Amino acid sequence: MVETLSIAVIGAPGVGKTSIIRQFIYNDFSEAYTPTRSRYVYRPSVILNGNMYELKVLDVPPISSFPASASQEWLDLRCRGVRNANAYILVYDICCVESFEYVKMIRQQIVENREGSSSEVPILVVGNKRDLQRQRFMPRRAVSVLVKKTWKCGYVECSAKFNWHVVLLFKELLGIAVARGMRQNHTSTRLQGALQRNRCTVM
Ligand code: GDP
Ligand code: MG
């Protein structure tokens, strides 16, 4: 059975969310900035460690906050499906401290607004524009320690422009999701296999 995992990609405007998704799925990058005005859903199929997953990747346009209730989500077309996503990719620009503050706020709201055990949903924080790292506002190690130790989220830096660590970040997120038992039909054997091997293919 193929499982569908919905992944919401959230971040401040211009940090590279659409670029990361399009690089992952189409191996495509554009220097021109076209702001994403409405929510867009991509549906790639991927194979991770021999298991196939259908992903529903939500490219979420700028939202001022994580929807606090189901009715709020329903009223705002931009964030449909965001509350019930199986996993989150929170993107910031390593050269822009405000974009990191935004990610910090959204992470806090995800934890507060998703109830019970679903507040332990996999979250991967992604520092994009690694190619511009001379202008970064904080050393990589310091951010990584904060995100991993304090926020208990995964952390990856990538460059959508040069397709650097883009596949890796999706692989990391899926790995976390699988390890936390997001797959409804997993068996312990499959889970072990997924953790031991190390492959991810976009179909
Ligand atoms: P979004 O608003 O978060 O979806 O951001 P976009 O994906 O539309 O990208 C915003 C701008 O940043 C565009 O001009 C991209 O070409 C540029 N951009 C995206 N990723 C990178 C990257 O890794 N490095 C550099 N240098 N520019 C990038
Ligand atoms: Mg966009």
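A few comments on the model shown:
- Global form of region 46-101, assessed from the alpha-carbon gyration tensor, a/c cut-off 1.5: oblate
- Spatially, region 126-176 and region 66-109 are offset by 17 Å when compared through their Cα centroids.
- Highest mean first, the peptides 7-20, 128-141 sorted by other C-beta atoms within 10 Å per residue fall in the order 7-20, 128-141.
- Simple spin-label estimate for Arg140 and Lys56 in nanometres, 7 Å along Cα-Cβ: 3.5
- Residue separation of Asn27 and Leu168 scaled by 0.36 nm, minus their Cα-Cα distance, works out to 49.4 nm of gained length.
- Counting all C-alpha pairs of region 36-162, share separated by more than 18 Å (%): 59
- At R0 = 25 Å, FRET efficiency that the Cβ-Cβ distance of Glu120 and Tyr40 yields, to 0.05: 0.35
- Relative contact order of region 3-193, pairs being alpha-carbon contacts under 8 Å that are 6 or more residues apart, as %: 23
- Surface share of carbon and sulfur [accessible, 1.4 angstrom probe, percent] for the chain: 50
- Computed over protein heavy atoms with a 1.4 Å probe, the accessible surface of the chain works out to 51 Å² per residue.
- In the chain, the DSSP-assigned H stretches of four residues or longer account for a calculated mean residue ellipticity at 222 nm of -9000 deg cm²/dmol, using -39500 (n - 2.57) per stretch and the full residue count as denominator.
The values are calculated or read from the model by the stated rules, or taken from the named source; none is laboratory data. Fair warning: this is a prediction, and the values are worked out from it, not measured in the lab. For neighbour counting, all protein chains shown are included, and Cβ atoms are generated from backbone atoms with ideal geometry for every residue, glycine included. SASA here: full protein model, heavy atoms, side chains in, ligands and nucleic acids out. Shrake-Rupley method; radii C 1.70, N 1.55, O 1.52, S 1.80 Å.
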